[in-house]
């Protein structure tokens, strides 16, 4: 459509206003030949004497195209000229009009104009529906738009179909037998089954490897003839044995525990060179099926034969080409035609084909030579990982972030793992080629990071050091990583008043354990104390304390100081909440003595007791930053449904450590949490609590213990 030429065509103009009472707009039409093509031009004017010379809009329609020119703004639009209300259609130039009267408000100049519209090629009347003149034009516009969209979709489909065909033609053949042999050797470990059924001193054996069935003696006899019979070791379920026919080693499996068919499935990757520098990863599903043949005889079911079969099917392909996005093709089955075919889009819903980690054939790395993945260091990454990798994910990330090769070869495997999973939050400068600039750390710490394989806790501390313009030694960095300083806020501001070594010394002093012991319990203790100390420092800073004061920086009793800060941070709200809780749940205080006799217990390390009142439960939740102070837990404790217990170190009985919820009647342990809904020293505390609950149920604690003492004394 030649828009400039159309704009130069003189306006039609209206000679006089319409005498129709409700008419707000008048439309006039004309047919013009522009560029050897017939154009239907419809102009809409306001029904006012001063507006009859210049139209509001000029609607242009050809056989294959259309457009709307807004005269005031001088802009063209290719949108529809009508919108639909609840029961009627209105034109776009009259959005503020009455939808129900749109037909009366928008009229044509004469019957000749209506005839021009009806007779224009492509415009059709609908006998079952009385259309207005602008609806006729709008329907034709909609038809043109629909045809264009379908043509685009068809062209896109044909282009995709042609590209799919080209990929199939250029995909190399694979050695199926070689892949099956690899799967049997590496994935299925050449496992065979020896099915057996005993009959007294004899046993019938069927081997899945050779398929043979034989009967042998497994227990020596006392007769002379039995000395000449073939003997085998006694078959035992789950143990390994040798087939008496072919000698293959297999796992003994009783006939009664075996099904007619049993299979194992696995997946693997095969990489091949594609075209000149491209690469295709083929995702293959392999299956090993074991079958046991049975026949019925007079004495029962008898094994006739056994076999095993390897099979495989390719379910997906991923193509990598230079300068193009990775393309994934999927193997599908058409149930109507009964044929398999390849498609460039995945299935929908639960049947979606997912590509996950799987073993990679060694030939893949040989095929990478001369391709865009030649220097990807994928083989080094797979060797460093303890499990299988997904080469598709790795290749996608490598092409997006080529620095992955450098990171992998340096041994920063933990960093590469994050990048492969698209976790780029650890990257400081994505365009840098040096490790220290790429990760945002100091150059002198790169070797230390390599020794730790790019451990995130170490990396976070190094990034914090660089961001704060600090200079920490290797020992300090490792200690900060051990206490989790890299992921915690609220302590770095204090570095303006003291050094990082002093902070580390204070944490070690408060925790009472040393750094770098390798003991999980010691590390957990250091982390818990560090979290409390950092939380304490953060509250001091928020409340405006001068942290250059050594009394504030290094309190004598960290737990008491932390609790004081918690109270001071929002004292009024805390006091109000405690008063309200004690008034609302008075039975918690009333039942304390009874619950204390039942649940109190201590050993050389820990002590546990119930809450004295509702306010103490609220404070426990505030100090440990979890939800035990909520009405839900207070309700259950008040109604004797469950009991809230406080588990604390025996040396520090007033310092909150772990909160426990236990079922009051059945003594079932429901849940336990430490600060910030975490479980400190989980392995040891689980063992301690399990032992505690066992003693409760057996009557060795509390009231049960007193009753046992009375029984013993009376006896």
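The values are calculated or read from the model by the stated rules, or taken from the named source; none is laboratory data. Keep in mind the model is a prediction, meaning the values are calculated, not measured. Glycine also receives a Cβ, built like all others from the backbone with ideal geometry; neighbour counts cover every protein chain displayed.
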Verdict on residue 689 being in the same structural domain as residue 647 (by TED's automatic domain parsing), farther than 21 Å from residue 525 by Cα, part of a helix (DSSP H, G or I) and in contact (Cβ under 8 Å) with a residue 40 or more places away in the chain: no
The residue from 508, 580, 493 that alone is in contact (Cβ under 8 Å) with a residue 12 or more places away in the chain and out of contact with any helix residue (DSSP H, G or I) (no Cβ under 6 Å at 6 or more places or on another chain) is 508
Can you find a residue in region 242-259 that is under 41 Å from the mean Cα position of the chain (by Cα), within 30 Å of residue 399 (Cβ to Cβ) and surrounded by 15 or more Cβ atoms within 10 Å (Cβ to Cβ)? no
Restricting attention to region 591-626, which residues are in contact (Cβ under 8 Å) with a residue 40 or more places away in the chain and within 40 Å of the chain's Cα centre (by Cα)? 606, 608, 618, 619, 622, 623, 624, 625, 626
If I ask for residues that are under 17 Å from residue 613 (Cβ atoms) and surrounded by 19 or more Cβ atoms within 10 Å (Cβ to Cβ), which ones from region 623-641 would you list? 623, 628, 629, 633, 634, 637, 638
Which of the residues that make up region 277-335 are more than 27 Å from residue 256 (Cα to Cα) and assigned to a loop (DSSP other than H, G, I, E, B)? 277, 321, 322, 323, 324, 325, 326, 335
Examine region 128-135 for a residue that is out of contact with any helix residue (DSSP H, G or I) (no Cβ under 8 Å at 6 or more places or on another chain), in a loop (DSSP other than H, G, I, E, B), modelled with pLDDT under 90 and over 27 Å from residue 18 (Cα atoms), and state whether such a residue exists. yes
Working only within region 176-191, note down all residues that are loosely packed, with under 12 Cβ neighbours inside 10 Å and within 25 Å of residue 329 (Cα to Cα). 177
Hey, any hits in region 146-161 for a residue that's surrounded by 12 or more Cβ atoms within 10 Å (Cβ to Cβ), within 30 Å of residue 243 (Cβ to Cβ), touching a residue at least 12 places away in the same chain (Cβ under 8 Å) and under 39 Å from the mean Cα position of the chain (by Cα)? no
Look at residue 203 and say whether it is more than 51 Å from the chain's Cα centre (by Cα), surrounded by 12 or more Cβ atoms within 10 Å (Cβ to Cβ) and either at positive phi or at pLDDT 90 or above (or both). yes
Determine whether region 153-162 contains at least one residue that is farther than 30 Å from residue 341 by Cβ and at pLDDT 90 or above. no
